[in-house]
Amino acid sequence: MFNFIKDINFGFKIPTPDKTIKVAVTGLSQSGKTVFLTSLINQLIANDKLPFLNEKLGRSFVARLLPPDSVYMRFDYYSKLSEFRKKNPIWPKSTKAVTKTTIQLEFKSNYAFLESQIINLELVDYPGEWLLDLMMLDLSFEEWSNHMIDLAKEKKRVKFSKEWLEAIAGDIDKSEEELFDLFSEYQKNLYYHGYSYVGPGRFVEAGDMQNDPILYFCPLKDKNNSIYEQFKKRYDLYVKEVVNRLYLEHFREFDTQIILVDLIKTLNGGEEIFDDMHLAIKGILKSFTYGSNNFISKFFDLKIDHVIFAASKADHIPLSQREAYIRLLKEMIWDMKQELDIKHVDTESTIFASVKSTQYVKAKLNGVEVDCVRGIVVGEDEPSTHFPGLLPKDYKDKNFWKEGKFNFVSFKPISFPSKDTNAVDHIRMDRLIYSLLKDRV
Ligand SMILES: Nc1nc2c(ncn2[C@@H]2O[C@H](COP(=O)(O)OP(=O)(O)OP(=O)(O)O)[C@@H](O)[C@H]2O)c(=O)[nH]1
Ligand SMILES: [Mg+2]
């Protein structure tokens with residue numbers, strides 16, 4: 001370990017931590033995990049825009065990024081940072097591998113005779129679409145097939161699944177590869193239309209498994225079909241070789257989980273997209289183990305005892321609608337929170353923006369003054385002002401989905417400051433970081 005550190009000439013001897021906080025940064029694809037991690041590191045190192053955190057902690061700290069360990073790929077903060085520091089920065093690419101980053105925080109004691117406290121904050125970033133695969137670990141091919149076929153027959157999905165459903169009904173005259181193609185086209189189509197509950201992950205984004213025959217399967221109900229056994233075999237292989245390996249390597253040891261939720265996408269997409277995301281987040285939640293609070297589990301197999309649900313991209317929401325945005329998050333997660341409460345898991349819900357890419361402004365709409373956001377829309381060069389629509393006071397009234405025509409646009413990121421002593425503008429990142437650290441420092 002120390003040889004390794006010496007090799008890359010890290011420049012200082014790394015102190016042993018008094019405590020390590022292991023955080024799984026989870027959320028569906030494009031929910032904002034990678035941007036969150038980049039901003040988090042940027043904020044902690046600069047510590048110039050975290051008033052809430054500093055006030056709550058009551059002690060000063062310095063943060064440093066530690067070199068990678070040998071198991072995980074490194075979260076490449078510095079190349080992301082240099083992209084963000086450009087004059088016209090762009091958002092990072094979708095994540096294709098599991099990466100880890102460790103930030104070491106050194107808290108100075110307020111008393112000269114007491115030593116500093118050292119906390120390692122380990123954070124793991126995932127490709128969003130892999131997370132849903134973890135559900136397959138608990139499902140046999142038969143169970144998975146029943147579940148997926150029932151889902152495909154739902155009214156809202158039939159328009160995408162029709163061709164594939166027809167192909168697997170009755171006597172099948174398509175090849176195994178053709179069936180795979182139809183099913184994966186259906187999944188890609190769902191994804192393209194804003195659905196979150198899609199998968200298996202490698203069917204949507206094959207990555208290094210492009211053209212791998214292991215993928216040539218799809219859900220089937222008819223056990224008498226000659227290809228049933230073959231599909232079952234490939235499913236079992238996929239679960240064993242792809243999903244289980246991922247789980248064993250990357251999903252076991254956490255004490256805290258952040259679940260990022262992209263509510264902006266649901267507001268644009270409407271009730272179906274909201275309900276589908278709800279289903280998908282519940283799916284992710286199933287894959288992690290919760291509730292520790294006992295001596296044995298603390299030592300042998302960490303279990304998550306703290307879950308933070310965080311709605312990202314809050315810079316799309318005018319200031320006056322923040323409360324309504326938090327209520328929408330609570331609407332999304334209420335049943336999951338209830339389940340976690342039963343397991344004595346501490347839950348929180350919050351909203352934030354990693355990179356505040358808009359300004360709050362007022363503008364006249366049909367002669368009425370309304371609160372808007374102003375930023376540079378992706379694909380444009382000059383800033384423009386946007387009124388995204390009005391979030392309701394009460395989400396119980398389902399009419400809101402019908403009436404609410406929301407039009408959230410995608411904004412370009414603002415540039416990160418060029419010095420390490422200045423962090424990028426954010427919304428409530430200091431509260432989120434405090435939630436990660438509280439009770440532990
Ligand atoms: N305006 C704004 N947009 C954001 C913010 N964070 C993320 N986004 C948008 O959300 C997109 C996805 O963010 P990522 O951090 O790459 O999402 P992810 O969860 O890592 O996605 P995967 O790697 O595909 O799983 C970005 O490309 C931006 O368009 C934010 O703080 N403000
Ligand atoms: Mg990512």
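A few remarks follow.
- Check on S70, more than 16 Å from ligand 1 (Cβ to nearest atom), in contact with a Phe, Trp or Tyr (Cβ under 7 Å, 6 or more places away or on another chain) and farther than 20 Å from Y238 by Cβ: no
- Subset of the range 337-362 that is outside any loop (DSSP other than H, G, I, E, B) and over 24 Å from H426 (Cβ atoms) - its residue that is farthest from ligand 1 (Cβ to nearest atom): I342
- In the range 17-55, the residues that are among the basic types (K, R) and buried (at least 16 other Cβ atoms within 10 Å of the Cβ): K22, K33, K49
- Per the listing K86, K33, K80, the residue uniquely in contact (Cβ under 8 Å) with a residue 60 or more places away in the chain and within 29 Å of L132 (Cα to Cα) is K33.
- Candidate set: the range 73-99, residues that are away from ligand 1 (no atom under 12 Å from the Cβ) and in a loop (DSSP other than H, G, I, E, B); chosen: the one farthest from Q30 (Cα to Cα): K87
- Here is the figure for the range 90-135: residues that are closer than 23 Å to P417 by Cα and touching an Asp or Glu at 6+ places or on another chain (Cβ under 6 Å) total 1.
- L57 vs. criteria closer than 30 Å to L285 by Cβ and either at pLDDT below 90 or more than 16 Å from ligand 1 (Cβ to nearest atom) (or both): yes
- Filter result for K313 (surrounded by 15 or more Cβ atoms within 10 Å (Cβ to Cβ) and within 16 Å of ligand 2 (Cβ to nearest atom)): yes
- Residue within the range 108-118 that is assigned to a strand (DSSP E or B), within 11 Å of ligand 1 (Cβ to nearest atom) and either under 27 Å from L215 (Cβ atoms) or in contact (Cβ under 8 Å) with a residue 12 or more places away in the chain (or both) present: no
- Filtered by the rule that a residue be touching a residue at least 60 places away in the same chain (Cβ under 8 Å) and touching an Asp or Glu at 6+ places or on another chain (Cβ under 7 Å), the range 322-358 gives A353, K356.
- Test result for L123, within 16 Å of ligand 2 (Cβ to nearest atom) and either closer than 19 Å to K22 by Cα or part of a helix (DSSP H, G or I) (or both): yes
- G207 being surrounded by fewer than 17 Cβ atoms within 10 Å (Cβ to Cβ), within 16 Å of ligand 2 (Cβ to nearest atom), not acidic (D, E) and not assigned by TED's automatic domain parsing to the domain that holds G270: yes
- Elements of type helices (runs of 4 or more DSSP H) contained in the range 159-242, each with 2 or more residues being of a type in the set (D, E) and under 17 Å from P127 (Cα atoms): none
The values are calculated or read from the model by the stated rules, or taken from the named source; none is laboratory data. Bear in mind that the values here come from a model prediction, so they are computed numbers and not experimental data. We place every Cβ from the backbone using ideal geometry, glycine too, and count neighbours over all the protein chains shown.
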